[in-house]
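Peer 1: One structure coming up, written as structure tokens, with questions to follow.
The values are calculated or read from the model by the stated rules, or taken from the named source; none is laboratory data. If you're wondering where the values come from, they're calculated on a predicted model, not measured in any experiment. Here the Cβ positions follow ideal geometry from the backbone for every residue, glycine too, while neighbour counts run over all protein chains shown.
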Amino acid sequence: MTAHAARRRWLGALAAGATACRASMTADAARRRWLGALAAGATATLFPASLSALRGFRPPLRDACAADNVFATPLQIPGHDGWRGRLAVGADPLTLRAQTRDGTLQFAAEGNGRRYSNPTLAAAIGTKARITVANNLGEPTVVHWHGLTIDTRNDGNGETLIAPSTSFDYAFELRNRAGQYWYHPHPHGATARQTYRGLFGILEIEDDDERALRRALDLTPGSTELTLVLQDLRADAKYRYMPAPEDALFGWYGDLPQVNGRLRPFHDVSARRYRLRVLNASNARTYRLALRRDAGAVLPFRLLGTDGGLLAQAIACEQVFLAPAERVDLLVDFAGMPRGGFVLLESLAFDPMLAVPATQAARSDSATASAHVHGSTGFPAERSALADGAPFPLLQFRIRETGAAGPRVPASLSRLPVLPASTGDERPLRLGFAKGRWRINDRVYDMQATPIEIARGVSETWLLRNYHTSAPHAMHLHGFQFRVLERETSPDQLAPLVVDGKGRLATDLGSKDTVLVWPGESVRIAIDFRHPFAESQLYLLHCHNLEHEDGGMMLRVKVG
């Protein structure tokens, strides 16, 4: 595949829209072409690793992305009500009603005389939240509070469900640092379908560091601080979830990568700094995010924070990988750009590294995997036309007002929690594929087994080791934040992003609850298992590729 051929195909798909895109390249064909090229030694042509090579893989920005018919819809901005509107969580109890609407699923809420759909819950650290989830769906569900330090009863780990026409009262204190967390369903076997159909929202926690940053940089939520939710949908746009065996095995990929529910939106900005708080809510797709000016030059940005809040200092970056469930906090400076110019947020090309043996994945094993994912047909179905790792545009920023450079970015953003010394031996956790299912330490989820037991108050180092014949796995731990200590034997495409002698990326330097581990890579993480709860607690470790999770790539973790 030449860069010219890739460019022509990509431009054609943009011009013709999603229907032509679906006809042009199925995920099956893309994967067969990749496996064939791999066998022929053509990987470097298909997936150039360096940033300069990636530029050659993209279409000219003026030709592909400047036309109004490409970016024709304004970005949806969460306000004080309605879709993802900001709803304060305080002393008064709050009810979220899980319900169906226009073929999608949503959490409906009311507060302050306003109505909300999948509200952005905003609260200060220390708030004692009282939230009732009423299940008006025709199936069981439960809410997981992703990233929070929380007890088992309130975690929503899926072992206790909310039956249809019943409700559950959550009551917990928000102990986490300021950050962008989120809430989503977690019923085993149905997490992927319910999340894909829209049943999730954002939870923002605020503390003194967060307030100081907003003051220092003159940031206002909904104006100069933007929440961006990334999710890729299938072209039927009806939120139907019917995964074929291959989808159950590799993950559900959509044709239409949307930002805040819209395909290729635009947003008018002034020539000043903006904060972008980005959540990857996709079932399986990883994004390689970058910004480009209208002339094609890369626009660097600063990384302010990750899953669990602000970094100690802002870090200059040109691109970041964002796996399912991960969050990044970016600061973009449009100062000095001329009126009428634009900047494109896009996902760059990368090698998806789906290295499961082709004959094993394509036949009986994929059918085995599909049996554990609710909604799977078990029969071939039309696949996503947008291959994993393909480049595509996401959002266009249009400069409407000129401006000058703003205040300096604070030298110190926050203090990260101090990590106590690890106690005991390093705990190895192997990620791989066998007997038709994704596994951790050769195990799949079993509600009757607890293979990881940890004494109360200890700190441990875990080594997440992914087999070469595997796929990328976004590993998520319930109940605790962790820190990335080191990456070893990482793929070449990560080399331009490494920021220290331990192989870490900029996105590894903060508090994390989800970390992407590539095939052949080992990632060492440190976890402080102290908790304030009276009894032992039960949590989960799983891959946040939701089809992998539903298929059983998950283990129970007991903390004494």
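Peer 1: If I go through region 279-336 residue by residue, how many of them are in contact with a Ser or Thr (Cβ under 6 Å, 6 or more places away or on another chain), of a type in the set (S, T, N, Q) and closer than 20 Å to PRO391 by Cβ?
Peer 2: 0
Peer 1: Can you tell me which residues in region 133-143 are hydrophobic (A, V, I, L, M, F, W, C), part of a strand (DSSP E or B) and more than 21 Å from HIS478 (Cα to Cα)? First the steps, then the outcome.
Peer 2: To start, the set of residues in region 133-143 that are hydrophobic (A, V, I, L, M, F, W, C) comprises 133-134, 137, 142-143.
Right, trim to part of a strand (DSSP E or B) and you get 133-134, 143.
Within region 133-143, ALA134 is the sole residue that qualifies.
Peer 1: Surrounded by 20 or more Cβ atoms within 10 Å (Cβ to Cβ), over 29 Å from ASN466 (Cβ atoms) and either at pLDDT 95 or above or touching a strand residue (DSSP E or B) at 6+ places or on another chain (Cβ under 7 Å) (or both): which single residue out of ALA271, ALA323, ALA290, ALA284 fits that description? If you could, list the steps in order and put the result at the bottom.
Peer 2: Values: ALA323 fails: over 29 Å from ASN466 (Cβ atoms); ALA290 fails: over 29 Å from ASN466 (Cβ atoms); ALA284 fails: over 29 Å from ASN466 (Cβ atoms).
Of the residues listed, the single one that is surrounded by 20 or more Cβ atoms within 10 Å (Cβ to Cβ), over 29 Å from ASN466 (Cβ atoms) and either at pLDDT 95 or above or touching a strand residue (DSSP E or B) at 6+ places or on another chain (Cβ under 7 Å) (or both) is ALA271.
Peer 1: May I ask you to list the residues in region 253-277 that are of a type in the set (A, V, I, L, M, F, W, C), farther than 21 Å from ALA335 by Cα and touching a Ser or Thr at 6+ places or on another chain (Cβ under 8 Å)? Even if it seems obvious, please write down each step before you answer.
Peer 2: Going residue by residue through region 253-277, those that are of a type in the set (A, V, I, L, M, F, W, C) are 256, 259, 263, 266, 269, 271, 276.
Next cut, farther than 21 Å from ALA335 by Cα only: 256, 259, 263.
Result: LEU263, single match.
Peer 1: So which strands (runs of 3 or more DSSP E) stay within region 295-355 end to end and still have 1 or more residues that are among the basic types (Lys, Arg)?
Peer 2: Values: elements: 301-306, 309-317, 319-322, 327-333, 342-347.
Ranges flagged: 301-306, 327-333.
Peer 1: Surrounded by 16 or more Cβ atoms within 10 Å (Cβ to Cβ) and over 22 Å from ALA281 (Cα atoms): does that describe THR152? Talk me through it step by step, then tell me what you get.
Peer 2: Numbers: surrounded by 16 or more Cβ atoms within 10 Å (Cβ to Cβ): yes; over 22 Å from ALA281 (Cα atoms): yes.
Taking the combined requirement at face value, the residue satisfies it.
Peer 1: Here is a list: LEU330, LEU299. Which entry is touching a Phe, Trp or Tyr at 6+ places or on another chain (Cβ under 6 Å), modelled with pLDDT of 95 or more and in the same structural domain as GLN231 (by TED's automatic domain parsing)? Write out each step before concluding.
Peer 2: On the way: LEU299 fails: touching a Phe, Trp or Tyr at 6+ places or on another chain (Cβ under 6 Å).
Answer to the check: LEU330.
Peer 1: Just one of the numbered conditions (1) on the phi > 0 side of the Ramachandran plot; (2) modelled with pLDDT of 95 or more; (3) under 20 Å from the mean Cα position of the chain (by Cα) is not true of TYR239; which one?
Peer 2: Every listed condition holds for TYR239 apart from (2).
Peer 1: If VAL89 meets every condition in (1) crowded, with 22+ Cβ neighbours inside 10 Å; (2) modelled with pLDDT under 95 apart from one, which number is that one?
Peer 2: The number of the failed condition is (2).
Peer 1: Also: Could you tell me which numbered condition LYS238 fails, if it satisfies all but one of (1) over 23 Å from THR191 (Cα atoms); (2) out of contact with any helix residue (DSSP H, G or I) (no Cβ under 9 Å at 6 or more places or on another chain)?
Peer 2: Against the list (1) over 23 Å from THR191 (Cα atoms); (2) out of contact with any helix residue (DSSP H, G or I) (no Cβ under 9 Å at 6 or more places or on another chain), LYS238 comes up short only on (1).
Peer 1: ALA171 passes all but one of (1) in contact with a strand residue (DSSP E or B) (Cβ under 6 Å, 6 or more places away or on another chain); (2) surrounded by 20 or more Cβ atoms within 10 Å (Cβ to Cβ); (3) not β-branched (Val, Ile, Thr); which number fails?
Peer 2: (2)
Peer 1: Looking at region 432-442, which of the residues that are of a type in the set (D, E, K, R) and part of a strand (DSSP E or B) is farthest from ARG175 (Cα to Cα)?
Peer 2: Of the residues in region 432-442, the ones of a type in the set (D, E, K, R) are 435, 437, 439, 442.
Now restrict to residues that are part of a strand (DSSP E or B): 437, 439.
Values: ARG437: 36, ARG439: 32 Å.
Checked region 432-442; the qualifying residue farthest from ARG175 (Cα to Cα) is ARG437.
Peer 1: Quick check on region 496-506. Is at least one of its residues in contact with a helix residue (DSSP H, G or I) (Cβ under 7 Å, 6 or more places away or on another chain), under 24 Å from ARG285 (Cβ atoms) and not hydrophobic (A, V, I, L, M, F, W, C)?
Peer 2: yes
Peer 1: Could you please find all residues in region 208-222 being surrounded by 15 or more Cβ atoms within 10 Å (Cβ to Cβ) and in contact (Cβ under 8 Å) with a residue 60 or more places away in the chain? Full working, then the answer.
Peer 2: Within region 208-222, the subset surrounded by 15 or more Cβ atoms within 10 Å (Cβ to Cβ) is 209-210, 212-214, 217, 219, 221.
ASP209, GLU210, ALA212, LEU213, LEU217, PRO221 - these are the residues of region 208-222 that are surrounded by 15 or more Cβ atoms within 10 Å (Cβ to Cβ) and in contact (Cβ under 8 Å) with a residue 60 or more places away in the chain.
Peer 1: Scan region 476-504 for residues that are of a type outside the set (D, E, K, R) and within 18 Å of GLY179 (Cβ to Cβ) and jot them down.
Peer 2: Step one: filter region 476-504 for residues of a type outside the set (D, E, K, R), giving 476-482, 484-485, 489-491, 493-499, 501, 503.
Listed by number, the residues that qualify are HIS476, LEU477, HIS478, GLY479, PHE480, GLN481, PHE482, VAL484.
Peer 1: Looking at region 59-71, can you tell me whether even one residue there is at pLDDT below 95, in contact with a strand residue (DSSP E or B) (Cβ under 9 Å, 6 or more places away or on another chain) and either within 27 Å of GLU204 (Cα to Cα) or of a type in the set (Lys, Arg) (or both)?
Peer 2: No, region 59-71 has no match at all.
Peer 1: Give me the pairs, please: first residue somewhere in region 254-275 and on the phi > 0 side of the Ramachandran plot and not assigned by TED's automatic domain parsing to the domain that holds ARG193, second residue anywhere and β-branched (Val, Ile, Thr) and not in a strand (DSSP E or B), beta-carbon distance under 9 Å, and either six or more positions apart or on two chains.
Peer 2: Listed by first residue and then by second, the contacts come to ASN260/ILE77; ARG264/VAL70.
Peer 1: Looking at region 225-243, which of the residues that are assigned to a loop (DSSP other than H, G, I, E, B) and touching a Ser or Thr at 6+ places or on another chain (Cβ under 6 Å) is surrounded by the most Cβ atoms within 10 Å (Cβ to Cβ)?
Peer 2: Kept after step one, since they are assigned to a loop (DSSP other than H, G, I, E, B), are these residues of region 225-243: 234-243.
If we keep only those that are touching a Ser or Thr at 6+ places or on another chain (Cβ under 6 Å) as well, we get 239, 242-243.
Numbers: TYR239: 15, MET242: 14, PRO243: 27.
Within region 225-243, the match that is surrounded by the most Cβ atoms within 10 Å (Cβ to Cβ) is PRO243.
Peer 1: Right, another one. Here is a check on your reading of the model: is LEU413 farther than 30 Å from ARG214 by Cβ and hydrophobic (A, V, I, L, M, F, W, C)?
Peer 2: On the way: farther than 30 Å from ARG214 by Cβ: no; hydrophobic (A, V, I, L, M, F, W, C): yes.
The answer is no for LEU413.
For every residue, the table says whether it meets (1) at pLDDT 65 or above; (2) surrounded by 17 or more Cβ atoms within 10 Å (Cβ to Cβ); (3) more than 30 Å from ALA297 (Cβ to Cβ); (4) not assigned by TED's automatic domain parsing to the domain that holds ALA316.
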site: PRO357; (1), (2), (3), (4): no, no, yes, no
site: HIS372; (1), (2), (3), (4): no, yes, yes, no
site: PRO380; (1), (2), (3), (4): no, no, yes, no
site: LEU386; (1), (2), (3), (4): yes, yes, no, no
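Peer 1: Additional query: Filtering region 77-86 down to residues that are surrounded by fewer than 18 Cβ atoms within 10 Å (Cβ to Cβ) and within 22 Å of the chain's Cα centre (by Cα), which residue is farthest from ASP169 (Cα to Cα)? Full working, then the answer.
Peer 2: Of region 77-86, the ones surrounded by fewer than 18 Cβ atoms within 10 Å (Cβ to Cβ) are 77, 79-80, 82-83.
Filter once more, keeping what is within 22 Å of the chain's Cα centre (by Cα): 77, 83.
Numbers: ILE77: 30, TRP83: 23 Å.
Per the criteria, the residue is ILE77.
Peer 1: Something else about it: When you look at PHE200, is it among the hydrophobic types (A, V, I, L, M, F, W, C), farther than 20 Å from THR514 by Cβ, surrounded by 18 or more Cβ atoms within 10 Å (Cβ to Cβ) and touching a residue at least 12 places away in the same chain (Cβ under 8 Å), yes or no? Spell out how you get there, then give the answer.
Peer 2: Numbers: among the hydrophobic types (A, V, I, L, M, F, W, C): yes; farther than 20 Å from THR514 by Cβ: no; surrounded by 18 or more Cβ atoms within 10 Å (Cβ to Cβ): yes; touching a residue at least 12 places away in the same chain (Cβ under 8 Å): yes.
Against the criterion (among the hydrophobic types (A, V, I, L, M, F, W, C), farther than 20 Å from THR514 by Cβ, surrounded by 18 or more Cβ atoms within 10 Å (Cβ to Cβ) and touching a residue at least 12 places away in the same chain (Cβ under 8 Å)), PHE200 does not qualify.
Conditions (1) at pLDDT 95 or above; (2) over 21 Å from the mean Cα position of the chain (by Cα); (3) assigned by TED's automatic domain parsing to the domain that holds HIS478; (4) not in a loop (DSSP other than H, G, I, E, B), marked per residue:
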| position | (1), (2), (3), (4) |
| --- | --- |
| THR100 | yes, yes, no, yes |
| ALA109 | yes, yes, no, yes |
| ARG115 | yes, yes, no, yes |
| LEU121 | yes, no, no, yes |
| ILE131 | yes, yes, no, yes |
| TRP145 | yes, no, no, yes |
| THR149 | yes, no, no, no |
